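What follows draws every value from the coordinates through simple rules; no lab data is involved. It should be emphasised that the depicted structure is a prediction, and the values quoted were computed from it without experimental measurement. Don't worry about glycine lacking a Cβ; one is built from the backbone with ideal geometry, like all the others, and counts go over all protein chains shown.
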Amino acid sequence: MNVRENRRKNTKTAASNVCKDPAEGDLKSFLDSAPAEQKMHHSLKLPLVLSIALIVALADQLTKWIIVRNMYLHESIQVIPGIFSITRIHNTGIAFGLFPGIPDVFTVITLMSMLIVVYFYLTIEPRTMLLTVGCALILGGALGNLLDRFRLGYVVDFIHFSFWPAFNVADSSVSIGVALLLLNFLMEKKGLAEDASHPV
């Protein structure tokens, strides 16, 4: 009797496994994982932001230290003659040498811009990877130039193209960060437009 009962139980178990919809497990896994993915999408990612910002600021300060240590003011090293050179310049204005002569004002503006970026990142959703990296690059670049203003009263620039004012690693980081934020905005806008054109 025990052998027969065991056979019946095994037959029922096999039948239930055959009848079960294979897609059911996949759907359940997807539904279970969706909240976690959404949480990652909206999470602050503060360690990543701080790490990128710190790396950018350190790289900016290191390159400026090398320039100041090895070049005198206005000295220029031609890399591509007539196009690109390494030139030591002291900038009392904002990025790319604009509006020189009022460093204290731009110190305050830099601090305010950093606070605005932090507030923006903490309040906006969704926090995509593009947005996270963009904000981190802006913060790191702003911090690099801010350290110059506090220590020296001016910003050290040295990357000089003949068709563009001299700039530095911090300026480049801020520009790339802004570009990533714009790209993120365009991608989010495109996604919303596609969702609106394909209602469920």
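Points to keep in mind about this one:
- Amide H contacts of R88: H74, E75, each under 5 Å away and 5 or more positions distant or on a separate chain (H built 1.01 Å from N in the peptide plane; Pro and chain starts excluded).
- Modelled FRET efficiency - R0 22 Å, S162 with A59, Cβ distances, 0.05 increments: 0.35
- Treating each Cα of region 49-197 as one equal point scatterer and applying the Debye formula with no solvent, the log10 of I(q)/I(0) at q = 0.10 Å⁻¹ comes out as -0.39.
- Backbone N within region 104-147 under 17 Å of label point (7 Å from I176 Cα along the Cβ vector): 129-145
- Compared with the alpha-carbon gap, the fully stretched path from S43 to V105 is longer by 18.9 nm at 0.36 nm per residue.
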